[in-house]
1. Picking from A:90, A:115, which residue would you name as being assigned by TED's automatic domain parsing to the domain that holds residue A:164, touching a residue at least 60 places away in the same chain (Cβ under 8 Å) and buried (at least 21 other Cβ atoms within 10 Å of the Cβ)?
2. Restricting attention to segment B:232-258, report how many residues are part of a helix (DSSP H, G or I) and surrounded by fewer than 14 Cβ atoms within 10 Å (Cβ to Cβ).
3. What residue, among those in segment B:55-102 that are of a type in the set (Ser, Thr, Tyr) and touching a residue at least 24 places away in the same chain (Cβ under 8 Å), is nearest to residue B:365 (Cα to Cα)?
4. State whether one or more residues within segment A:78-87 are touching a Phe, Trp or Tyr at 6+ places or on another chain (Cβ under 6 Å), surrounded by fewer than 22 Cβ atoms within 10 Å (Cβ to Cβ) and at the interface with chain B (Cβ under 10 Å from one of its Cβ atoms).
5. Just give me the residues in segment B:176-201 being within 12 Å of chain A (Cβ to nearest Cβ) and either under 30 Å from residue B:49 (Cα atoms) or within 19 Å of the chain's Cα centre (by Cα) (or both), in sequence order.
6. Quick one: residue A:51 ticks every box in (1) surrounded by 12 or more Cβ atoms within 10 Å (Cβ to Cβ); (2) farther than 30 Å from residue B:106 by Cα; (3) under 23 Å from the mean Cα position of the chain (by Cα) bar one, so which box is it?
7. Given the structure, is residue B:115 more than 26 Å from residue B:315 (Cβ to Cβ) and small (Gly, Ala, Ser)?
8. Keeping to segment B:193-227, report how many residues are part of a helix (DSSP H, G or I) and more than 16 Å from residue B:301 (Cβ to Cβ).
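The values are calculated or read from the model by the stated rules, or taken from the named source; none is laboratory data. Predicted model only: the values in this text are computed from it and were never measured. Cβ sites come from the backbone with ideal geometry, for glycine too, and all protein chains shown count toward neighbours.
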Amino acid sequence: MEVTRDKLHGDGAAVPTAAAGGGDDLGFRVRQLRARDMLRGDIPDDELQAYVEERVLTTTLDKALAWARGNSMFPATFGLACCAIEMMSLPAARLDSARFGSEAFRASPRQADLLILSGRVSIKMAPVIRRIYDQMLEPRWAIAMGACCSSMGVFNNYAIVPADKFMPIDVHVPGCPPRPEALMHGVLKLRSRIQGDAPDGWRERYDAVGTEEVVGDADLPGVNAINVFQSGETQGA
Amino acid sequence: MTDTTETPAGASAAISDYRKQEESITLSSSPATDAPDTELLTINMGPHHPSTHGVLRLILTLEAEVVRDVKPIIGYVHTGIEKTAEQKAYWKVIPVIERMDYVSYYFNAMAYCGAVEKLLDIEVPARAQYLRVIHLELNRIVSHLIWLGTSAIDLGAISVWWYCFRERETILDLFEMSSGQRIHTRYFQVGGVIEDVPRGWVERVRRFTKTMRTRADQYAALLDKNEIVLQRLRHTGVLDADTLLDLGVTGPLLRAAGNPWDLRKAAPYSSYDHFAFRIPVGATGDNYDRYRVRHAEIYESCDIIDQALDGLPEGPFITEDRKVALPPRHELATSMEALIHHFKLVTEGFRVPPGEIYYPIESPRGELGCFVRSDGSSKPARVHMRDPSFHNLQMTAPATRGSYIADLVATLAMIDPILGGVDR
């Protein structure tokens, strides 16, 4: 395998790549030499600029960041009710969320980047949770664990408020309470979202994009606050 | 305890002002008389605090590091469970009631089902009573394991927590075998239990109790004579039995002060009088006794489970009264009467004769009582729970006034309040 330096500084077509029949080894060798030249400063300015812009900054670093973030989520030590007991099983021996770097529960919201709402949120507690969420530093994520803080669950009464009413939620984990495995699944879903390779929804999988049902005038222009229900109408009543 | 740190020779010249100030601090229990230290400081602790075991909020009045006053503020997980129970048929109340004290869910169901059974005046079959006892005692062990693990974290020892949750998972597997759920199983039914235990379950429970005793020995080896545990727990949070009784405190906290009050012995329910077991009591009523009493209760629970497994009677697992209990599934295909009973139970539920009842049981935290008033309809007119966590929380201020704020954390861990039960 002979690679000369002349080939590198030619135009793009002259660079042997795997697709052009150069073979994997050759392509790798070319990239290696190019990287060495770059370190020496042998690559011309414009080409170096293009190289850096294309590869290093926008693609590689972002992905590395996302990879690192997704693999080191620090959940806040924040328990509300029954689900908190199951949440505690997450870093325990059987599930061992340390495999995915999310075992270190942080007591201070400023050190945490994942808020697991584990349990029922009462109206009295909601502003406290909102404040804790606001105190967390970006990037931050939230998982609504269990039926209560997703949809008020079995209670569905005057005292409980679903979490979506007062803060953004990234992942909902259903169950009453969800098994620790279910929460682990939710954490992994969140991880894949953070890392940018979230699986498609069912509409994408089954060619059903555009079949969403929109209630009322939700897509009217100029409407900022959307209430899809008429006033006085309560959902499911 | 006066702390004068020795400085290494030759390093004294390099000591900064900060270091000097730090070394001048003495850890005596009487606060210094200088003006800045006698200033009272009111701080907020909770509702989001890792050591409050839930969403308890404490308003502390501190004099330097010494707690002068504690005001607990509750209601952060108020769920409206008692009100919700009034809107549901009697047998549909059970899942809601179970979610009250979410660590000891079998006990919530037992108190409620026992109360309704008393009102209905129905007999629970012996096998159901024994199965109830086994599940209750397994649940007591789970509750104590969660308490032990989280309290140990509060004291700075995380390794105990790993071991406790290992055993907890084993018990939850047993619950899953018998009912299909890990927690909030809805296994107890008015008139008995919802299903008989599957084949092989009894052997697995037996194997578990055998290992549980050795595991409890291991916890004791880790903690009983641990220097840090002794310093943090001994002679802290002391309250005598009379004060505790005045405050309405029951359960292991009262027993740690030397009063052997246990409803399993004092007013046996669900055939607890068939079993021989001892009641662990403490001597001084400090935090260390509270730890030892709960730890010793794990062994007694294992003994009760073993006896119940040995004497597990044959027979029905739920009452034969078709007006209360669902008919067996196979009868629905052959018997019109069974179909009618099934339909009436599922749509309307059973009616309970008018009256009111208070049914107390011994939960892992103390006297858990359920008050049910019936107006003759198929929905309870009022359901009220006397939750031990709520009453035990009364001792927070008397037990911690005058102690260090670190002792407050230890005392709170040993009180073991479950805020879901406090706020309901």
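1. From the options A:90, A:115, the qualifying one is A:90.
2. 2
3. In this case the residue turns out to be B:102.
4. no
5. Answer for segment B:176-201, where residues must be within 12 Å of chain A (Cβ to nearest Cβ) and either under 30 Å from residue B:49 (Cα atoms) or within 19 Å of the chain's Cα centre (by Cα) (or both): B:181, B:182, B:183, B:184, B:185, B:186.
6. With respect to (1) surrounded by 12 or more Cβ atoms within 10 Å (Cβ to Cβ); (2) farther than 30 Å from residue B:106 by Cα; (3) under 23 Å from the mean Cα position of the chain (by Cα), residue A:51 is out only on (3).
7. Spelling it out, it is not the case that residue B:115 is more than 26 Å from residue B:315 (Cβ to Cβ) and small (Gly, Ala, Ser).
8. Final tally of qualifying residues: 9.
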